[in-house]
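Here is the structure we will look at.
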Amino acid sequence: MAKQSTLPSALPFWASLLLVPLPIIAAIYGGWTILLTPLLGWHTFTLIDALSTHNTDNPDPDTPSDHLKWYRAITLLWPFVQFALIFGIIAYLAATDHLTTGGKIGAMFATGILTGTIGIVYAHELLHQKNNLERWLGDILLAMALYSHFRSEHLLVHHTYVGTPRDPVTARYNENFYRFFLRVLIQCPPSAWRAEKAMLARRNLPVWSRRNPFWRYAALQLAMLALAYLIGGWTGIGLFAVQAFTGVLALEITNYVEHYGLTRRHLGDGKYEHVKPHHSWNASHRGTNWLLINLQRHSDHHYKPDRRFPLLQTYDETEAPQLPLGYPLMGIAALTPPLWRRVMNPKVRAWRKTYYPDITDWSAYKTASNPMPR
């Protein structure tokens, strides 16, 4: 990477803006145009993957943040784009009667695909940064998906306990996506609350302290729902909820793929080995890394969580497990459990033989019944 980033060098990561018209088209025309968002939003970048070589270049990780302004700019711009997109489409659908109820739901489904595939991924990037502006923008993006607790769960639980029984979003071996999704929806909010409560206790603060971010989460989410109601009444809230649920679904499909079957060695007495590169599934596919702002360089993200996305490093197959396809297509495979197991279970078993040849009994790892980490 050049010492000073330029717009042309960062431009591939701005490709998300090309997808913005697709939900608008779905809202105007309905019918088959609803399918344009998943087809073009996911498969265009997968086609780029197929037509291009893998990107295994590693930029200088010490590049100063202020040299990355054009990369950062898209993550700072997107919250405003998404806000206008969601509430603009709700306003349009609330005022028109040319679409059936199913057509309106379909348009919000298309909108939610962008909320989850792009918006929450950008929120993830923003929440890992240290300045207040980026963290606030990340919170706003999560509030648009009614998933604000993700910030606490991700920062305080997932990054600390990934690959252990305490991390709800480490998908277990042979656990199908639908069971995983239900488990995550049930377990993550209280897990995030407990993590924040423990954090406050370490500061000698009560759970009702103004420092508890859950009050901010609630205020932002209520503000989003109130705006949806002001624009479209109860129909507006319903449409907003469809969009939010779709966004969360897209996010959790990605979470499912990222760590499926990968567990950290239990050292005894509730102690686990440190997180290593081989505890995340990676993909060096060029197009989908543009779409997901290098999220598929996931091992390095766990190594340096606040490292900005253009500086994330890639690992070869001897250091970290690699997926045969990018996250979007792997996510689609996850929706068909027999296909997913056929593709991924042999890879997990090979991973075990490579990194843990001495472990012969995996039953406790499969069921997440090892002791909780201390």
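The values are calculated or read from the model by the stated rules, or taken from the named source; none is laboratory data. Keep in mind the model is a prediction, meaning the values are calculated, not measured. When we count neighbours, we look across all protein chains shown, and the Cβ atoms used for this are built from the backbone with ideal geometry, even at glycine. Just so you know, the surface numbers come from the protein's heavy atoms only, side chains and all, with ligands and any DNA or RNA stripped out. Shrake-Rupley method; radii C 1.70, N 1.55, O 1.52, S 1.80 Å.
Taking a Cβ cut-off of under 12 Å around Tyr147, the surrounding Lys, Arg, Asp and Glu residues balance to a net charge of -2, with basic ones at +1 and acidic ones at -1. Partner aspartates and glutamates whose Cα lies under 20 Å from the Cα of Lys347, excluding those fewer than 8 positions away in the same chain, are identified as Glu175, Glu258, Asp316, Glu317, Glu319, Asp358, Asp361.
Using the rule -39500 (n - 2.57) for each DSSP H run of four or more residues, divided by the residues of the chain, the 222 nm mean residue ellipticity is -18000 deg cm²/dmol.
Modelled spin-label separation between Asn131 and Ala219, with each label point placed 7 Å from Cα along the Cα-to-Cβ direction: 2.2 nm. Remark on Gln322: its backbone amide H falls under 5 Å from those of Asn282, a criterion applied only to residues 5 or more positions apart or on other chains, H modelled at 1.01 Å from N. Using the empirical formula 2.2 N^0.38 Å as the baseline, the Cα radius of gyration of the chain reaches a ratio of 0.98. Surface composition of segment 249-291: carbon and sulfur make up 54 percent of the accessible area, probe 1.4 Å.
Potential lengthening of the chain between Ala201 and His98 amounts to 31.6 nm, from the contour at 0.36 nm per residue minus the alpha-carbon distance. Subtracting the Cα-Cα distance of Asp269 and Ala15 from 0.36 nm times their residue separation leaves 86.6 nm of extension gain.
Among Gln313, Gln187, Gln322, the largest mean-square fluctuation in a Gaussian network model of the chain (Cα springs under 10 Å) belongs to Gln187. The fraction of accessible area contributed by carbon and sulfur in segment 101-243 is 63 percent, rounded to a whole number (1.4 Å probe; ligands and nucleic acids excluded). Of the DSSP H helices in the chain, those that are both long (alpha-carbon extent of 27 Å or more along the helix axis) and hydrophobic (Kyte-Doolittle mean at least -1.0) are 69-95, 177-202, 213-259. For a 28 Å ceiling on Cα separation, which of these pairs sit above it: Lys271/Lys353; Lys130/Lys276; Lys104/Lys130; Lys197/Lys353? Violating the 28 Å limit, Cα to Cα: Lys104/Lys130; Lys197/Lys353. The residues of the chain have, on average, 44 Å² of accessible surface per residue, using a 1.4 Å probe with all protein chains present. Ranked by the mean number of other Cβ atoms within 10 Å of their residues, highest first, the peptides 169-175, 188-194 fall in the order 169-175, 188-194.
Spin-label model, Trp362 to Leu39: label points 7 Å out along the Cα-to-beta-carbon direction sit 3.8 nm apart.
Estimated at 0.36 nm per residue, the fully extended path between Tyr29 and Glu317 surpasses their Cα-Cα distance by 99.1 nm.
A Förster radius of 35 Å, combined with the Cβ-Cβ distance separating Leu185 from Ala73, puts the computed FRET efficiency at roughly 0.55.
Distance from a point 7 Å along Cα→Cβ of Lys347 to each backbone N in segment 251-267: keep the residues under 11 Å and list them by number. Under cut-off, by backbone N: 257-261.
What the phi angles of segment 155-168 give under the Karplus curve with 6.51, -1.76 and 1.60, with θ = phi - 60°, is a coupling list of 6, 9, 10, 4, 5, 7, 10, 3, x, 10, x, 7, 9, x Hz, glycine and proline written as x.
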